[in-house]
Amino acid sequence: KISSWEYDKIESFLLNHFDNLSTDNVIAFVSYKPDKRTKLYKFLSKHSKIKLKEYKAFTEKKLINYLKETFNLSDTLSSYVISKLWTNLFYIHNELWKILKIYNKITKELIDKYVVVNIEQNSFSLLDNLQNPDNAIKIIDNLHHNQEDFFKILWLLYWNLKNIVLILEQKNLWKNPKDISSILWIHPFVVWKIYKKYNFTEIFEKMFKKLIDLDYKIKTWKIDYKLSYLYLKKVILDCNESK
């Protein structure tokens, strides 16, 4: 995402100089939800020398089909890959081709042995295991052992918690996953995963508030940054006290 000022600057340059650009140039415009009302979009769609194509993010079903065709995986194995790496196709490609550089076939055992789990997936797994403190603390220990930046983990937890609360709020209003994805501008895969898995918000809201408090105390030097992972474990245990 860029500021409106930066966007206006780019739009003005392209509108005024597009015909002077070499045909050897390839320009990719990336937007999760393109606004077809803008001058730039209308210009590109009507230009005689431009072949405009949109590449929409894969749904989970389409991604599974893609993995089956591209890497000769079964439905079960394709779903397993997504559960470990989510929908980032660039990351999935890198991890699976890494296996194929050594072996002729991808198996669950090879995925477990060689695939590096996405840090975003680790943060989601932490929330998946929020009501299972032993598993959640093991994930935190693993992140700490890998020397992951604590504030990056904290931001990912904020992002996931916010999505969970917002999606479950819409679910309680009887909205279906497709409508929720459109309303909240969240990837359909993320919406569907949360929609079918969770039915409660209290523990997530409780954790969100505790993480804000922890964030504040670390940044105001009331808690030593070196103890941040230890206090994150305490948040997990505190959230389970009322179970």
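Quick notes
- Among the residues making up the stretch 31-87, those that are polar (S, T, N, Q), farther than 20 Å from VAL115 by Cα, in a loop (DSSP other than H, G, I, E, B) and open to solvent by 50 Å² or more (accessible area, probe 1.4 Å) are SER31, SER48, THR59.
- Here THR23 clears all of (1) in contact (Cβ under 8 Å) with a residue 60 or more places away in the chain; (2) among the β-branched types (Val, Ile, Thr); (3) open to solvent by 100 Å² or more (accessible area, probe 1.4 Å) except the condition numbered (1).
- Of all the listed residues (SER12, SER4), the sole one being surrounded by 10 or more Cβ atoms within 10 Å (Cβ to Cβ) and either touching a residue at least 40 places away in the same chain (Cβ under 8 Å) or small (Gly, Ala, Ser) (or both) is SER12.
- Qualifying residue in the stretch 90-98 (condition: at pLDDT below 90 and either at negative phi or surrounded by 13 or more Cβ atoms within 10 Å (Cβ to Cβ) (or both)): yes
- Boolean, LEU161 is open to solvent by less than 10 Å² (accessible area, probe 1.4 Å), in contact with an Asp or Glu (Cβ under 7 Å, 6 or more places away or on another chain) and closer than 29 Å to ASP213 by Cα: no
- Sole residue being more than 25 Å from THR59 (Cβ to Cβ) and out of contact with any Lys or Arg (no Cβ under 7 Å at 6 or more places or on another chain), chosen from LYS84, LYS108, LYS152: LYS152
- Some residue of the stretch 173-183 being of a type in the set (Phe, Trp, Tyr) and over 30 Å from ASP35 (Cα atoms): no
- Enumerated helices (runs of 4 or more DSSP H) restricted to the stretch 124-242, each holding at least 3 residues that are touching a residue at least 24 places away in the same chain (Cβ under 8 Å) and over 18 Å from the mean Cα position of the chain (by Cα): 133-145, 202-219, 228-239
- Residue within the stretch 102-112 that is out of contact with any Asp or Glu (no Cβ under 7 Å at 6 or more places or on another chain), modelled with pLDDT under 90 and not in a loop (DSSP other than H, G, I, E, B) present: yes
The values are calculated or read from the model by the stated rules, or taken from the named source; none is laboratory data. Everything numeric here is computed off the predicted structure, so don't read it as measured data. All Cβ positions, glycine included, derive from the backbone under ideal geometry; neighbour counts span all protein chains shown. For accessibility, only protein heavy atoms count, side chains too; no ligands or nucleic acids. Shrake-Rupley method; radii C 1.70, N 1.55, O 1.52, S 1.80 Å.
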